[in-house]
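Structure first, then comments.
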Amino acid sequence: MNKHQKLIQKILQGQSDANISFLDLCSLMLFLGFEERIKGGHYIFRMAGVIEKVNLQKSGKLAKPYQVRQVRNVILKYKLFGE
């Protein structure tokens, strides 16, 4: 199991939303096939076939918990398990 698959598993478990590295979450989004656009402090991820835009912002070194939940919802809705 690689780093991204472990992170997906951690996100899907939903028990440590406040303890996910911002850089790891951005890396995961790119791994899943999202395109990144940076505007100020906002890292905006889009992908063809996915209606939602995922907007991530740093909270220190960690991603904000509500944004981790948004990523989890997109992964589940579109079945982006990275298998």
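In table form, for the structure just shown:
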| quantity | calculated |
| --- | --- |
| Output for region 1-22, where each listed residue is over 21 Å from Lys79 (Cβ atoms) and touching a strand residue (DSSP E or B) at 6+ places or on another chain (Cβ under 9 Å) | Ala18, Asn19, Ser21, Phe22 |
| Among (1) open to solvent by less than 70 Å² (accessible area, probe 1.4 Å); (2) in a strand (DSSP E or B); (3) not hydrophobic (A, V, I, L, M, F, W, C), the one test that Ser27 misses | (2) |
| Looking only at region 31-83, and only at residues there that are open to solvent by 30 Å² or more (accessible area, probe 1.4 Å), touching a strand residue (DSSP E or B) at 6+ places or on another chain (Cβ under 7 Å) and not charged (D, E, K, R), the one that is nearest to Ser21 (Cα to Cα) | Leu62 |
| All positions within region 13-23 that are crowded, with 19+ Cβ neighbours inside 10 Å and either among the charged types (D, E, K, R) or in a helix (DSSP H, G or I) (or both) | Asp17, Phe22 |
| Filtered residues of region 30-60 (kept if at pLDDT 95 or above, over 20 Å from Phe81 (Cβ atoms) and in a loop (DSSP other than H, G, I, E, B)) | Lys53 |
| Any hit, region 3-12, residues being open to solvent by 20 Å² or more (accessible area, probe 1.4 Å) and within 10 Å of the chain's Cα centre (by Cα) | yes |
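For (1) free of Cβ contacts under 8 Å to residues at least 12 places away in the same chain; (2) basic (Lys, Arg), each residue gets a yes or a no:
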residue: Asn2; (1), (2): yes, no
residue: Lys6; (1), (2): yes, yes
residue: Gln9; (1), (2): yes, no
residue: Ala18; (1), (2): no, no
residue: Gly33; (1), (2): no, no
residue: Gly41; (1), (2): no, no
residue: Ile51; (1), (2): yes, no
residue: Leu56; (1), (2): no, no
residue: Lys64; (1), (2): yes, yes
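The values are calculated or read from the model by the stated rules, or taken from the named source; none is laboratory data. The structure presented is a predicted model; accordingly, all values stated were derived computationally and were not measured. When we count neighbours, we look across all protein chains shown, and the Cβ atoms used for this are built from the backbone with ideal geometry, even at glycine. Note: accessible area is taken over every heavy atom of the protein model, side chains too, but ligands, DNA and RNA are not part of it. Shrake-Rupley method; radii C 1.70, N 1.55, O 1.52, S 1.80 Å.
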